[in-house]
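Chemist: Below you will find the structure I want to go over with you.
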Amino acid sequence: MRYDVVVVGTGPAGLKTAEQTAARGLKTLVLEKRQSVTDSLMGELVTDKALKLLRISPDSEYVGNKFTAIVGESLDTGANIVVNRSLLGNSYLLDEDKCQELMRDRAVADGAEFRYKARVDSVIRDGQQIVGVQYNHTQEARGSLTVGADGSFSRVSATAGFTHPKWLLSYGYRFKLANCKNVDPKTAYFYVGRDVGLGYLWFYPRSETEVNLGIGRVPSSKDLWYRLPPMMDVLRKYMKTHEETKDAKVVGVNGGVVPCTGIIPRFTDAGVALCGNSAGQVSSIVGGGVTTCLHAGTLLARHAKRMVEEDDFSRESVYQYEKEYRMSKLAKNIENTGRGMWAVFKYAMFNDPLEAAEIVLRELDASTLNEIVQGSFGAATLMRLFTDFLPMVVRIGKGYLKSVAVSGP
Ligand SMILES: Cc1cc2nc3c(=O)[nH]c(=O)nc-3n(C[C@H](O)[C@H](O)[C@H](O)COP(=O)(O)OP(=O)(O)OC[C@H]3O[C@@H](n4cnc5c(N)ncnc54)[C@H](O)[C@@H]3O)c2cc1C
């Protein structure tokens with residue numbers, strides 16, 4: 001059987017693409033190497049935009065908690081910034097399993113077929129055209145459009161020949177904790193610190209007694225990476241040294257990897273498109289990928305429908321998805337944060353990034369920090385940085401220029 005669309009991967013990017021292609025009446029096949037869509041790390045902290053893309057309400061069973069404030073804090077000195085709801089908008093903690101099941105069930109109801117334990121090895125080519133994938137060594141799935149939504153180590157991307165010269169990955173773990181005490185369920189925390197390295201530790205309450213505690217870290221230089229304590233140890237140390245989590249029980253452990261230097265140079269070709277982590281569609285500084293994946297999947301499905309109607313899966317036709325995607329506000333924010341993360345990486349090669357983080361937490365205001373982290377800053381923010389925070393900008397900027405002079409941009 002030949003499908004209109006073969007989707008590889010059931011993270012938020014693949015599930016959204018499949019939900020939307022099936023809803024548009026396209027013959028959709030989804031291949032996933034795991035045995036179900038649940039029990040994975042889909043990503044949990046999101047804003048209203050993700051709820052809209054998921055078509056769920058804040059009071060529904062798909063939302064586990066809602067925050068009114070987010071605090072950025074140094075584990076070493078306690079310096080902190082509080083970003084409240086007026087700056088942030090609403091922040092929600094998703095119930096990941098329920099959200100993934102929801103998208104799968106919608107796709108299945110509209111006729112999509114799911115195959116589990118189906119590990120894709122490579123794409124299949126007919127001349128220049130990609131016409132499907134080979135999986136489990138001997139099996140084939142053929143389709144007019146192949147979607148690589150198979151994450152940061154995408155086989156579709158690697159075998160279709162996509163390249164990503166500035167590819168920096170952030171590695172993360174998350175503990176689900178129960179039996180916590182006296183947690184303020186309305187406040188989420190992001191921590192920086194010596195033990196954390198180039199990244200952050202997060203504390204997202206699910207309730208007064210349940211917390212998701214995680215850590216994400218970018219290898220800034222080989223030496224620094226090996227001198228840091230293992231990430232699991234950092235989480236356990238946090239648990240031991242904080243009253244709320246001292247007696248907590250770890251009831252779940254997940255890990256994952258996200259790209260953090262922006263969108264890759266090209267993510268479409270004849271008969272193939274990447275979506276989600278595989279394309280670098282992640283808000284780079286915070287490593288937020290849920291909203292960006294849902295947005296990309298929605299857009300890709302709309303273009304898939306057009307391609308089927310026009311019976312045109314040429315390089316130019318598939319590129320229309322990439323073109324429209326790159327013009328979106330979310331893509332521009334990803335590019336901004338990706339450039340920012342690359343600059344931080346460069347800075348950290350020859351300077352102490354934690355010292356810079358401490359300066360930022362001490363001196364920057366919450367509004368400017370929020371805009372930088374979201375990648376939504378414009379000329380006004382840049383002006384404010386140069387007028388209100390000039391000594392800080394000069395100090396950090398000098399270190400950056402030194403790094404660029406030694407290692408190139
Ligand atoms: C620790 C951590 C915490 C995070 N927290 C948040 C958060 O709070 N908010 C947020 O917005 N984002 C968060 N993110 C980021 C977010 O989880 C990712 O950006 C998002 O999951 C990417 O979705 P995806 O569909 O592109 O890829 P993935 O979620 O990686 O899914 C890829 C799928 O493809 C499958 N697959 C891979 N290779 C193959 C193959 N060869 N054959 C078949 N199937 C294959 C995998 O099994 C997987 O199911 C977090 C990430 C991590 C690591």
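Chemist: Taking the stretch 27-49 as the search range and keeping residues that are touching a Pro at 6+ places or on another chain (Cβ under 9 Å) and within 10 Å of the ligand (Cβ to nearest atom), which one is nearest to Y92 (Cα to Cα)?
Modeler: Our first condition is that a residue be touching a Pro at 6+ places or on another chain (Cβ under 9 Å); within the stretch 27-49, this holds for 42-43, 48.
Filter once more, keeping what is within 10 Å of the ligand (Cβ to nearest atom): 42-43.
Details: M42: 14, G43: 11 Å.
Here the answer is G43.
Chemist: Oh, and also: For the stretch 349-367, state whether one or more residues are in contact with a Lys or Arg (Cβ under 9 Å, 6 or more places away or on another chain), outside the structural domain of G25 (by TED's automatic domain parsing) and assigned to a loop (DSSP other than H, G, I, E, B).
Modeler: Taking the stretch 349-367 first, the residues in contact with a Lys or Arg (Cβ under 9 Å, 6 or more places away or on another chain) are 350-351, 354, 356, 359, 365, 367.
Cutting the leftovers down to outside the structural domain of G25 (by TED's automatic domain parsing) gives us 350-351, 354, 356, 359, 365, 367.
Add one more test, that the residue is assigned to a loop (DSSP other than H, G, I, E, B), and what stays is 351, 365.
The answer is yes; a qualifying residue exists.
Chemist: Sticking with this one: Determine which member of the set V192, V196, V218 is within 30 Å of F267 (Cβ to Cβ) and touching a helix residue (DSSP H, G or I) at 6+ places or on another chain (Cβ under 7 Å).
Modeler: Details: V192 fails: within 30 Å of F267 (Cβ to Cβ); V196 fails: within 30 Å of F267 (Cβ to Cβ).
Checking each option against the conditions leaves just V218.
Chemist: V123 fails exactly one of the following numbered conditions: (1) at pLDDT below 95; (2) more than 10 Å from the ligand (Cβ to nearest atom); (3) aliphatic (A, V, I, L, M). What is the number of that condition?
Modeler: Exception for V123: condition (1).
Chemist: From the set of residues in the stretch 310-335 that are hydrophobic (A, V, I, L, M, F, W, C) and under 21 Å from the mean Cα position of the chain (by Cα), which is surrounded by the fewest Cβ atoms within 10 Å (Cβ to Cβ)? Lay out the reasoning, then the answer.
Modeler: Residues of the stretch 310-335 that are hydrophobic (A, V, I, L, M, F, W, C), as a first pass: 313, 318, 327, 330-331, 334.
If we keep only those that are under 21 Å from the mean Cα position of the chain (by Cα) too, we end up with 327, 330-331, 334.
Numbers: M327: 9, L330: 19, A331: 22, I334: 29.
The selected residue is M327.
Chemist: Search the stretch 134-161 for residues being within 20 Å of C293 (Cβ to Cβ) and of a type in the set (A, V, I, L, M), and hand back the single one that is surrounded by the fewest Cβ atoms within 10 Å (Cβ to Cβ).
Modeler: Ranking the candidates gives A158 first.
Chemist: I've got another one for you. Looking only at the stretch 100-123, which residues are within 24 Å of S317 (Cβ to Cβ) and crowded, with 19+ Cβ neighbours inside 10 Å?
Modeler: Filtering the stretch 100-123 down to residues within 24 Å of S317 (Cβ to Cβ) leaves 107, 110-112, 120, 122-123.
Answer for the stretch 100-123, where residues must be within 24 Å of S317 (Cβ to Cβ) and crowded, with 19+ Cβ neighbours inside 10 Å: A107, A112, V120, V123.
Chemist: Let me ask another. Out of the residues in the stretch 200-232 that are farther than 29 Å from V63 by Cβ and within 16 Å of the ligand (Cβ to nearest atom), state the one that is modelled with the highest pLDDT. Step through it out loud before you land on a result.
Modeler: First pass over the stretch 200-232, keeping only residues farther than 29 Å from V63 by Cβ: 218-230.
Filter once more, keeping what is within 16 Å of the ligand (Cβ to nearest atom): 218-219, 230.
On the way: V218: 87, P219: 83, P230: 93.
Only one residue fits best here, namely P230.
Chemist: Something else about it: Name the single residue that is nearest to S328 (Cα to Cα) among those in the stretch 285-297 being more than 7 Å from the ligand (Cβ to nearest atom) and out of contact with any Leu (no Cβ under 6 Å at 6 or more places or on another chain).
Modeler: Ranking the candidates gives A296 first.
Chemist: Here's something else I'd like to know. What is the number of the single condition among (1) at pLDDT 95 or above; (2) within 22 Å of M42 (Cβ to Cβ) that T138 does not meet?
Modeler: The number of the failed condition is (2).
Condition check ((1) assigned by TED's automatic domain parsing to the domain that holds V6; (2) within 21 Å of G43 (Cα to Cα); (3) assigned to a strand (DSSP E or B); (4) of a type in the set (F, W, Y)) across all residues:
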{"site": "V71", "(1), (2), (3), (4)": "no, yes, yes, no"}
{"site": "A107", "(1), (2), (3), (4)": "yes, yes, no, no"}
{"site": "G111", "(1), (2), (3), (4)": "yes, no, no, no"}
{"site": "F114", "(1), (2), (3), (4)": "yes, no, yes, yes"}
{"site": "A118", "(1), (2), (3), (4)": "yes, no, no, no"}
{"site": "I124", "(1), (2), (3), (4)": "yes, no, yes, no"}
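Chemist: Does the stretch 345-362 contain at least one residue that is in contact with a strand residue (DSSP E or B) (Cβ under 8 Å, 6 or more places away or on another chain) and farther than 30 Å from V196 by Cβ? Spell out how you get there, then give the answer.
Modeler: Applying the first criterion (in contact with a strand residue (DSSP E or B) (Cβ under 8 Å, 6 or more places away or on another chain)) to the stretch 345-362 yields 354, 357-358, 361.
From the residues that got through so far, the ones that are farther than 30 Å from V196 by Cβ too are none.
Scanning the stretch 345-362, I find no residue that is in contact with a strand residue (DSSP E or B) (Cβ under 8 Å, 6 or more places away or on another chain) and farther than 30 Å from V196 by Cβ, so the answer is no.
Chemist: Same structure, new question: Would you say V282 is at pLDDT below 95 and near the ligand (Cβ under 8 Å from one of its atoms)?
Modeler: yes
Chemist: Look through the stretch 126-145, keep the residues that are of a type in the set (A, V, I, L, M) and within 14 Å of the ligand (Cβ to nearest atom), and return whichever of them is nearest to L29 (Cα to Cα).
Modeler: Going residue by residue through the stretch 126-145, those that are of a type in the set (A, V, I, L, M) are 130-131, 133, 141, 145.
The next check asks that each one be within 14 Å of the ligand (Cβ to nearest atom); those that pass are 133, 141.
On the way: V133: 11, A141: 8 Å.
So, considering only residues that are of a type in the set (A, V, I, L, M) and within 14 Å of the ligand (Cβ to nearest atom), the one nearest to L29 (Cα to Cα) is A141.
Chemist: Out of A301, A273, report the one residue that is more than 8 Å from the ligand (Cβ to nearest atom), touching a Gly at 6+ places or on another chain (Cβ under 9 Å), at pLDDT 95 or above and outside any loop (DSSP other than H, G, I, E, B).
Modeler: Numbers: A301 fails: touching a Gly at 6+ places or on another chain (Cβ under 9 Å).
Sole residue among the options that is more than 8 Å from the ligand (Cβ to nearest atom), touching a Gly at 6+ places or on another chain (Cβ under 9 Å), at pLDDT 95 or above and outside any loop (DSSP other than H, G, I, E, B): A273.
Chemist: Restricted to the stretch 182-199, and to residues that are part of a loop (DSSP other than H, G, I, E, B) and within 14 Å of L45 (Cα to Cα), which residue is modelled with the lowest pLDDT? Don't jump to the end; show me each part of the working.
Modeler: First, pick out the residues of the stretch 182-199 that are part of a loop (DSSP other than H, G, I, E, B): 182-186, 193-198.
Pick out the ones that are also within 14 Å of L45 (Cα to Cα) and you get 185-186.
Details: P185: 96, K186: 93.
Filtering first and then ranking leaves K186.
Chemist: Continuing with this model, one more query. Filter the stretch 227-245 down to residues that are under 19 Å from R206 (Cβ atoms), touching a residue at least 24 places away in the same chain (Cβ under 8 Å) and assigned to a loop (DSSP other than H, G, I, E, B), then give me how many there are.
Modeler: 3
Chemist: Among what's in the stretch 146-181 and is within 18 Å of E335 (Cα to Cα) and in a strand (DSSP E or B), pick the residue that is nearest to the ligand (Cβ to nearest atom).
Modeler: Selected residue: S170.
Chemist: Being under 30 Å from Y191 (Cβ atoms), within 16 Å of the ligand (Cβ to nearest atom) and in contact (Cβ under 8 Å) with a residue 24 or more places away in the chain is true for just one of N80, N65. Which residue is that?
Modeler: On the way: N80 fails: within 16 Å of the ligand (Cβ to nearest atom).
Within the list N80, N65, the selection yields N65.
The values are calculated or read from the model by the stated rules, or taken from the named source; none is laboratory data. Note that the coordinates shown come from a computational prediction; the quantities given were computed from them, not determined experimentally. Virtual Cβ from ideal backbone geometry, glycine too; neighbours counted across all protein chains shown.
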